[in-house]
1. Starting from the stretch 47-148, pick out the chymotrypsin sites (Phe, Trp or Tyr not before Pro) whose DSSP state is loop and whose Cβ has at most 15 other Cβ atoms within 10 Å.
2. When ligands, DNA and RNA are left out and all protein chains stay put, how many square angstrom of accessible area per residue does the stretch 95-138 have with a 1.4 Å probe?
3. For the stretch 31-148, count the residues as N, evaluate 2.2 N^0.38 Å, and divide the Cα radius of gyration by that value, please.
4. Where only protein heavy atoms count, and the probe is 1.4 Å, what is the accessible area per residue for the stretch 44-85 in Å²?
5. Going from most exposed to least, what order do SER42, SER131, SER146 have by accessible area with a 1.4 Å probe?
6. Under a 5 Å amide H to amide H cut-off, with H placed in plane at 1.01 Å, what residues pair with GLY35 once short-range neighbours are removed?
Amino acid sequence: MSEHRKSDPRREAGDQFGRLVAELWHGQFGARQHGLWPPVDSYRTEDPPQFVVVVELPGIDPEQVQIVLQDGALVIAGERKRPNKCDRRYHQMEIDRGPFERRVQIHEQVDAEAASATYEQGLLRIVLPISKRPSGAVRVPIELRSKP
């Protein structure tokens, strides 16, 4: 039976503060047209022991997304580009565009060489098996999946 862990208010406050600083840094505060901040979920499972990160990336070519595990952090970077049509006059622009980079701290040893990533229906799912041995920087390839 897995143990339900209570959320740590200090960690949540730190995460919220980190996002606020990142939004200010990237010029997003009050003006969402400049940059992209894709939502991220991360969790650990016990059976099998693994750390999973899910990133919401609709409309982004997964082949243009880079995933790097280095120095205790998973870095996911890419860009959602605006179409190159000059004959458009927007009446409303709410879809976030531009480069993004999300960092997820990994507080456990993971087997980077056994990591996998899949992209399905706009969600990038990265699975990092828990390991006892440390590993160096490794790129994680993305497997494309489509609905049958």
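1. Working: sites: PHE51, TYR90, PHE100, TYR119; in loops: TYR90.
The qualifying sites are TYR90.
2. Details: 2470 Å² over 44 residues.
Averaged over the residues of the stretch 95-138, the accessible area is 56 Å².
3. Values: Rg = 16.1 Å, N = 118, 2.2 N^0.38 = 13.5 Å.
Its radius of gyration relative to the 2.2 N^0.38 Å reference: 1.20.
4. On the way: 2310 Å² over 42 residues.
It amounts to 55 Å² per residue over the stretch 44-85.
5. Working: SER42 65, SER131 20, SER146 100 Å².
Putting SER42, SER131, SER146 in descending order of accessible area: SER146, SER42, SER131.
6. ARG97
The values are calculated or read from the model by the stated rules, or taken from the named source; none is laboratory data. As the structure is a prediction and not an experimental result, all values here were calculated from the model. Using ideal geometry, Cβ is built from the backbone for each residue, glycine included, and neighbour counts are taken over all protein chains shown. Please note that ligands, DNA and RNA were not included when accessible areas were found on the heavy atoms of the full protein model with its side chains. Shrake-Rupley method; radii C 1.70, N 1.55, O 1.52, S 1.80 Å.
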